[in-house]
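A short write-up of the structure that comes next.
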Amino acid sequence: MVLTMTASESQHVLVTGGSGFIGSHLVDHLLQLGHRVDVVDDLSTGRLSNLEPLLSKHSDRLSFVHSDLSAWLVGAGSGSRFDAIYHLAAAVGVKLVVDDPISTIETNIMQTSAVLGHVTAHGIPLFIASTSEVYGKSDSIPFHEESDITFGPTSRSRWSYACSKAIDEYLGLAHAKRHGTPIVIARFFNTVGPRQVGTYGMVLPSFVHAALSGRPLQVYGDGEQSRCFCDVRDIVPVLPKMLANVECHGRVFNLGNDHSITINELARLVRDTLGSTSDIEKIPYDEAYAPGFEDLVARAPDLGRIREVLEFAPSVSLVQTIRDLAAIADLEGGAS
């Protein structure tokens, strides 16, 4: 039996990776909808501080389990029943991927496989967070969900994250087709916003912290690579709507903004928005990551598919995101 509910009905949901940047915003949104939320996270890249205010405010409807997800699903959580699961637990960030490809591959594939086994056994609707990295180094811009994907050689660990998330998608779609489980997959394109940190190579918070402290804003490569940045507060409200919509089940969707900006332009925008006098410094990719590192000249989503089934129009400006990141950094002493 498959459990289905509308996005507005009160639910008991699980968010894996819920202490992370996107995950914690999703938890906040689900609580605002009136749901009861369980979070399982090993805190490898997430921060418990992202959830602490929510745990204090919603102690009756929010619980946190510090655990490896796969171990929890076959152990303490094996008998748990949920109305929906949002699977965001993953190894994230280019720097982490390059530094530890083994953990990246094993975490992404094994945890997704474990979640799929659980939802299939219990008929639970599942949302899987994927990434625009799945498109690899394709030059078919803008990227459409049915576009071919092109990865570099296996000798370049940089592509291990993209490959592992592609396997996650293959697994999810195969389970949806064979078992009829409602599964929705979204490829996030450069999601940014409050609570994001630059520890694992995230460009915008890195720029903001550098600008606030007067350090150079380090632009990797020539800076002419373009990206599309979308605020997390535009992303998370659509996720429950996707899971509740039967037209989304068994399908993959791009999710992000389709307005491009080069990294050079982004650095100047951060500096101008914050009134910073920081220099902009170019760092070769070989020095920033590893010899032979490959990057994409452009990455932009085709949003036609998501707009065919749901109203989706990002409204938070990049300037507002920069200001909000800066405000939080000041509160946390990040400018010191």
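Every number here is computed from the coordinates shown, using simple stated rules; none is lab data. Note that this is a predicted model, so its numbers are computed, not measured. Glycine gets a Cβ as well: all are built from the backbone with ideal geometry, and neighbour counts include every protein chain shown.
Output the relative contact order of region 43-189, whole-number percent, from Cα pairs under 8 angstrom with separation of 6+ residues.
About 26 percent, as a whole number.
Quick one: which residues, 5+ away or cross-chain, put their amide H under 5 Å from the amide H of Ile283? H built at 1.01 Å from N.
Result for Ile283 returns Val219, Tyr220, Gly221.
What are the residues whose amide H is under 5 Å from the amide H of Phe253, where those residues sit 5 or more places off or on another chain and H is modelled from the backbone?
Under 5 Å from the amide H of Phe253: Ile185, Ala186, Arg187.
Highest mean first, what order results for 232-243, 127-138 on Cβ atoms within 10 Å? Numbers along the way, then the final one.
Numbers: 232-243: 21.1, 127-138: 22.8.
Going from most to least packed, we get 127-138, 232-243.
With each pseudo-label sitting 7 Å past Cα toward Cβ, what's the Lys282-Leu310 distance in nm, one decimal?
The modelled label-to-label distance comes out at 4.1 nm.
Work out the length of the dipole vector of region 20-156 about its Cα centre, built from +1 on the beta-carbon of each Lys and Arg and -1 on the beta-carbon of each Asp and Glu, and round it to the nearest 20 debye.
Working: 8 positive and 16 negative charges, 56 e Å.
For region 20-156, the charge dipole is close to 280 debye.
Helix 263-273: angle to the longest alpha-carbon principal axis of the chain, degrees 0 to 90, nearest 10?
80 degrees
Would you mind checking the tilt of helix 21-32 against the longest principal axis of the Cα atoms of the chain, expressed as 0 to 90 degrees and rounded to 10?
50 degrees
Hey, what did the chain get for relative contact order, percent, Cα under 8 Å, at least 6 apart?
For the chain, the relative contact order is 18 percent.
Convert each backbone phi in region 113-127 into a coupling constant with the Karplus relation 6.51 cos²θ - 1.76 cosθ + 1.60 (shift: θ = phi - 60°), then list the ³J(HN,Hα) values in order as whole Hz, x for Gly and Pro.
Per residue, the Karplus-derived 3J(HN,Hα) values read 4, 5, 5, 4, x, 5, 5, 5, 5, 10, x, 9, x, 10, 9 Hz.
Step through the residues of region 167-176 one at a time and calculate ³J(HN,Hα) from phi using the Karplus curve (6.51 cos²θ - 1.76 cosθ + 1.60, θ = phi - 60°), rounding each to whole Hz and writing x for Gly and Pro.
After applying 6.51 cos²θ - 1.76 cosθ + 1.60, I find 4, 4, 5, 4, 4, x, 5, 5, 5, 4 Hz.
Student exercise: in the chain, how many lysine pairs 8 or more apart or on different chains have Cα atoms under 25 Å apart?
Taking the Cα cut-off of 25 Å, the pair count is 9.
Amide H of Val65: which non-local residues (sequence gap of 5 or more, or other chain) have their own amide H closer than 5 Å, using H built in the peptide plane?
Those qualifying (amide H under 5 Å, at least 5 residues apart or on another chain) are Val39, Val40, Asp41.
In degrees, nearest 10, range 0 to 90: what is the angle between the Cα axis of helix 318-331 and the longest Cα principal axis of the chain?
Long axis of 318-331 versus the principal axis of the chain: about 90 degrees.
So if the hydrodynamic radius of region 124-243 is defined as the Kirkwood radius over C-alpha pairs, what does Stokes-Einstein give as its diffusion coefficient at 37 °C and 0.692 mPa s, in µm² per second?
D = 198 µm²/s.
I want the antiparallel fraction of DSSP beta bridges within the chain, as a percent rounded to 5.
10 percent
Let me spell out the model: positive unit charges on the Cβ of Lys and Arg, negative unit charges on the Cβ of Asp and Glu, origin at the Cα centre of region 113-170. What dipole size does that give, in debye rounded to 20?
Around 280 debye, computed over region 113-170.
Which of the GluC sites (Glu not before Pro) found in region 245-336 are in a DSSP loop and have at most 16 neighbouring Cβ atoms, other than their own, within 10 Å? It would help to have the intermediate numbers written out before the result.
Values: sites: Glu247, Glu265, Glu281, Glu287, Glu294, Glu308, Glu311, Glu332; in loops: Glu294, Glu311, Glu332.
Sites meeting the loop and neighbour criteria: Glu294, Glu311, Glu332.
Given only helices, namely DSSP H runs of n ≥ 4 each adding -39500 (n - 2.57), what is the per-residue ellipticity at 222 nm of the chain, to the nearest 500 deg cm²/dmol?
When only DSSP H runs of four or more count, the value is -11000 deg cm²/dmol.
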